[in-house]
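**Q** The structure is given below, and queries will be raised subsequently.
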Amino acid sequence: MAMTTASQQTDWRQEWFEIEDATYLNLAGESPMPKVAIRAVQAALEAKKNPHHKADSTFFEVPNRIRASLAKLIGGKPEEIAVTSGASAGVAAVAYALTWKPGDEVITAKGEFPLQCTTWKPMEEREELKLKIVSPRERFITADDLIAAITPRTRLVSVSMVRYDDASLLDAARVADACQKQGALFLLDASQSCGAIPLDVNQLGADFIVSAGYKWLLGPYGTGFFWAKSEHLNIIRPGPFNWMAVAGSDNFAALNFKDPKPAPSAKRWDSPEWASYFNFNLAAMDVSVDFVVRMGPELVAAHNRKLIELMFERLPKDRFVIASPLDAARRGPYGCFAARSKEKTAEVYQHLRKENVVVSLREGNIRVSPHLYNTERDIDRLISVVTP
């Protein structure tokens, strides 16, 4: 796995501003940014008062630092990483970059996060490809389900590493191996895993990885990244690219207007007119991702596993069912439960929100996603609200 440096600090709660009016258990929905990120945004705002104090190199320093931090986090190379506005931007980049033939198959799973359908359904009409949606044979989607659906026509498998609606964790390496043997590509959405469980692109075997930045990477909305295996950077179709990705564009006095070519890196997929210090989102993402690296996903994974198992243990069994895998090795960094009917689950969710216990309702499941600022007391609070 990609190695990160975990601090010996024990009270990580001090790294966030206290949420005084709620028990916040909804990081999988949106992360409260740590103090270091809030202060970075404030500093960037101050710098905008006098932009002439910043050298031209400032435009490139922040996104390049983000690339370096993300590369350390996932075991990749900085030049394989684009700084984007979210996971959808990366999936769209793959859709437009590949060469398609009529009848090519894209495989995804039933109930996947909507970005899969909003990307690939229009591509059915545009490129005459076929979107194949795989249903799980048992309760949760597995590598076996996806592997069984791969055929000689399969061009790409595009799924989440951790499902947003039930926290099930995919054996991505097995899917990647099956794709490679068939000559297909594998795109993995790591939005609900990157930053919360250890990832290593060399072990995962995916060809492309996308992620939002406002969840487990602890950044703001409008941030994310796209990773592409180096060998794919030179086989993509020509297409529009960010002008700041032109080789030599760091010299604003000598821009190439005659025959601009993208630098041989994933930088071409950076969000246009966006990836610089003066984008306040990136000022936050820069220090947030560095914070995640220093903290270590291993620490988050262990902490959350303990809290989720405590919740599963204490949920009243006569009223609720666990809606995530019980085996922690098959579960992401959060857990879900449900009442005995969808209507009752919705009532419980509304009661939790009324009592300022902030969770999510996703596809009939109540999703509970803590982080290092949460303690057993927060789980106690949730249990007390759902127990009559």
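**Q** Asp380 versus Tyr96, label points 7 Å from Cα toward the beta carbon: distance in nm?
**A** Taking the simple label geometry, Asp380 and Tyr96 are separated by 5.3 nm.
**Q** What's the extension gain from Ala173 to Glu231 if we count 0.36 nm per residue and subtract their Cα-Cα distance?
**A** My answer for the length gained is 19.1 nm.
**Q** Quick one: accessible area per residue over region 251-388, 1.4 Å probe, rounded to a whole number of Å²? If you can, show how the numbers build up before the last one.
**A** Values: 6370 Å² over 138 residues.
The answer is 46 Å² per residue.
**Q** Grab the beta carbon distance between Ala55 and Gln203, set R0 = 30 Å, and tell me the FRET efficiency rounded to 0.05.
**A** Values: r = 39 Å, r/R0 = 1.31.
With R0 = 30 Å, the Cβ-Cβ based efficiency is 0.15.
**Q** Quick check on the chain: helices-only [θ] at 222 nm, where DSSP H runs of length 4 and up contribute -39,500 (n - 2.57) each and the sum goes over total residues. Nearest 500, please.
**A** Using -39500 (n - 2.57) per qualifying helix, the result is -11000 deg cm²/dmol.
**Q** Using label points projected 7 Å from each Cα along Cα→Cβ, tell me how many nm separate Arg314 and Lys48, to one decimal.
**A** 4.3 nm
**Q** Turning to a different aspect of this structure: Which lysines have a Cα lying under 16 Å from the Cα of Lys215, excluding residues fewer than 8 positions away in the same chain?
**A** Partners found: Lys35.
**Q** Accessible area of Asp171, 1.4 Å probe, to the nearest 10 Å²?
**A** Its heavy atoms expose roughly 70 Å² to the probe.
**Q** Of all accessible surface on the chain at a 1.4 Å probe, what whole percent is carbon and sulfur?
**A** Answer for the chain: carbon and sulfur cover 51 percent of the accessible area.
**Q** For region 203-284, what size does the Cα cloud have along each of its three principal axes, sorted from largest down, in whole Å?
**A** Between the extreme Cα coordinates on each principal axis of region 203-284 lie 42, 33, 18 Å.
**Q** I need the Kirkwood Rh of region 13-119: take the reciprocal of the average 1/r across all distinct C-alpha pairs and report it in angstrom. Numbers along the way, then the final one.
**A** Numbers: mean 1/r = 0.0551 Å⁻¹.
Kirkwood radius, region 13-119: 18.2 Å.
**Q** Starting from the amide H of Asn26, placed 1.01 Å from N in the peptide plane, find each other amide H under 5 Å away whose residue is 5 or more places distant or on another chain.
**A** Ser369
**Q** Taking only protein heavy atoms into account and a 1.4 Å probe, give the accessible area per residue of region 15-63 in Å². Don't jump to the answer; show the numbers that get you there.
**A** Numbers: 2700 Å² over 49 residues.
The answer is 55 Å² per residue.
**Q** Starting at 0 and stepping by 10 Å, how many percent of the alpha carbon pairs of region 328-375 end up in each bin?
**A** All Cα pairs, binned at 10 Å, distribute as 26, 49, 23, 2 percent.
**Q** Restricting things to alpha carbons, find the Rg to Rh ratio for the chain using the Kirkwood radius for Rh.
**A** When Rh is taken as the Kirkwood radius, the ratio is 0.98.
**Q** Ordering Glu46, Glu105 by accessible area with a probe of 1.4 Å, largest first, what comes out?
**A** Highest to lowest solvent-accessible surface, that is Glu46, Glu105.
**Q** As an exercise, use a Förster radius of 41 Å and the Cβ-Cβ distance of Asp250 and Glu138 to find the FRET efficiency, rounded to the nearest 0.05.
**A** Computed FRET efficiency for Asp250 and Glu138 comes out at 0.20.
**Q** When the Kirkwood radius is taken over all Cα pairs of region 253-364, what Stokes-Einstein diffusion coefficient follows at 4 °C and 1.567 mPa s, in µm²/s?
**A** The diffusion coefficient I find is 70 µm²/s.
**Q** Could you list, bin by bin from short to long, the percent of Cα-Cα pairs of region 160-232 in 5 Å steps?
**A** Taking every Cα pair in region 160-232, the percentages come to 3, 16, 26, 25, 17, 9, 3, 1.
**Q** Tell me the per residue accessible area of region 100-156 using a 1.4 Å probe; a whole number in Å² is fine.
**A** 53 Å²
**Q** If you stretched the chain out fully between Arg13 and Lys261, how much longer would it get, using 0.36 nm times the residue separation minus the C-alpha to C-alpha distance?
**A** Details: separation 248, 0.36 × 248 = 89.28 nm, distance 4.66 nm.
Here the answer is 84.6 nm.
**Q** With every protein chain present, what accessible area does Lys317 have (1.4 Å probe, heavy atoms only), rounded to the nearest 10 Å²?
**A** Accessible area, nearest 10 Å²: 120 Å².
**Q** Normalised by the empirical 2.2 N^0.38 Å for globular proteins, what value does the Cα Rg of region 95-250 take? It would help to have the intermediate numbers written out before the result.
**A** Values: Rg = 15.8 Å, N = 156, 2.2 N^0.38 = 15.0 Å.
This ratio for region 95-250 stands at 1.05.
**Q** Please report the spacing between the Cα centers of region 362-388 and region 12-71 in Å, no decimals.
**A** One Cα centre to the other: 27 Å.
The values are calculated or read from the model by the stated rules, or taken from the named source; none is laboratory data. Just so it is clear, the model here is predicted, and its values are computed rather than measured. Glycine also receives a Cβ, built like all others from the backbone with ideal geometry; neighbour counts cover every protein chain displayed. Note: areas computed on protein heavy atoms with side chains; ligands, DNA, RNA excluded. Shrake-Rupley method; radii C 1.70, N 1.55, O 1.52, S 1.80 Å.
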